[in-house]
Amino acid sequence: MKSVLQQLGRYKRDTLLCICMAALEVVMEILLPFVTSIIIDRGLEAGDMSQVYRYGALMVVMAFFSLIFGALAGRFAASSASGLAANLRQAIYNNIQTFSFSNIDKFSVPGLVTRIITDVTNVQNSFMMIIRIAVRAPLMLIFSFAMCLIISPRLSSMFLIEVVFLGVVIGAIMVATLKIFNYVFRKYDDLNASVQENVSAIRVVKAFVREKYENEKFSKASQGLYRLFVKAEGLLAFNNPAMMLAVYFCIISVS
């Protein structure tokens with residue numbers, strides 16, 4: 001991971017800006033419910049419409065800033081992730097040029113193509129999710145829990161049960177899906193090998209009338225990837241039901 005992050009280069013600034021913008025977006029979103037409570041307590045219940053207008057305008061400004069911070073965080077995340085992918089592909093390509101003959105015999109061409117294209121794309125998407133979602137989610141959890149403690153420490157203790165529950169469920173899903181995805185990446189090599197052989201030896205395939213065999217070979221590799229992805233996505237689909245179960249349990253418990 002350290003070697004990968006070293007390829008950020010001049011995109012470190014965009015990464016830090018993305019994290020800062022995501023943090024500011026979370027702060028704006030967390031403060032909005034408190035402004036709403038002030039409008040209800042000091043404005044509507046007290047019959048003071050000036051307070052309603054004043055804090056209502058503040059809510060609009062905070063929502064606008066939240067939108068701006070979120071958009072900037074997305075822009076900086078896309079810029080830094082794309083820059084990381086470009087630098088990483090260039091570094092891998094330059095490293096391949098220095099391979100010895102033993103390295104060339106060890107690493108297959110389809111495997112190297114998979115590393116440069118598919119694996120780097122996966123790293124790019126993962127990095128963008130880390131600096132956007134994986135930074136935003138913990139901050140949201142920490143700030144939200146802090147606000148809940150301010151409102152009612154006794155009721156806030158219920159959330160600890162849900163955190164443990166979600167941690168166990170999501171951890172189990174991650175362990176199961178990681179094994180599948182690790183196997184998927186190896187299967188990409190078979191698919192790339194099939195494509196490369198058909199393109200580079202198309203005249204030989206046609207000369208020996210092997211089109212049907214090559215089509216079946218490619219279809220077999222493609223179907224194998226399809227089944228693995230369906231299995232992995234089927235396991236990942238349990239994330240939302242587990243989260244909804246935790247949310248509704250908290251609502252019922254507080255009620």
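Laboratory data are not the source of any read-out in this text; all were calculated from the coordinates shown. Everything numeric in this text was worked out from a predicted model, so none of it was measured. Every residue, glycine among them, receives a Cβ derived from its backbone with ideal geometry; neighbour counts consider all protein chains shown.
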Taking 2.2 N^0.38 Å as the expected size of a compact globular protein, what ratio does the Cα radius of gyration of region 152-255 give against it, to two decimals?
1.82
Mean-square fluctuation check for the chain, GNM, Cα pairs under 10 Å: which of Ser222, Ser156, Ser50 is largest?
Ser50
In Å, the Kirkwood hydrodynamic radius from C-alpha pairs for the chain sits at 22.9 Å
Mind jotting down the distance between the C-alpha centroids of region 192-243 and region 162-178, whole Å?
30 Å
Links exceeding 29 Å between C-alpha atoms in this model, out of Lys12/Lys231; Lys12/Lys187; Lys12/Lys106; Lys12/Lys179; Lys106/Lys217, come to Lys12/Lys231; Lys12/Lys187; Lys12/Lys106; Lys12/Lys179
Computed over the chain: longest principal axis from alpha-carbon atoms vs helix 153-200 long axis, angle to nearest 10 degrees, is 20 degrees
Does region 106-158 come out rounded, prolate or oblate, given a ≥ b ≥ c as the square roots of the eigenvalues of its C-alpha gyration tensor, rounded meaning a/c under 1.5 and, failing that, prolate meaning a/b above b/c?
prolate
Angle, helix 239-254 long axis vs. longest principal axis of the chain, Cα atoms, 0 to 90°, nearest 10?
10 degrees
Counting only other residues whose beta carbon sits under 14 Å from that of Phe64, what net charge do I get with K and R as +1, D and E as -1?
-2
Rounded to the nearest 10 degrees, the helix 12-38 long axis (Cα) sits at an angle to the longest Cα principal axis of the chain of 30 degrees
In region 4-111, how does Rg compare with the Kirkwood Rh, expressed as the Rg/Rh ratio over alpha carbon atoms?
1.40
For region 66-199, divide the Cα radius of gyration by the Kirkwood radius and give the resulting Rg/Rh value with two decimals.
1.15
Which ordering of Thr15, Thr118 is given by a fewest-first count of other beta-carbon atoms within 10 Å?
Thr118, Thr15
Name the most mobile residue of Val26, Val120, Val199, meaning the one with the largest mean-square fluctuation, in a Gaussian network model of the chain with Cα contacts below 10 Å.
Val199
What helix-only [θ] at 222 nm does the chain give? Using -39500 (n - 2.57) per DSSP H run of at least 4, over all residues, to the nearest 500, the answer is -30000 deg cm²/dmol
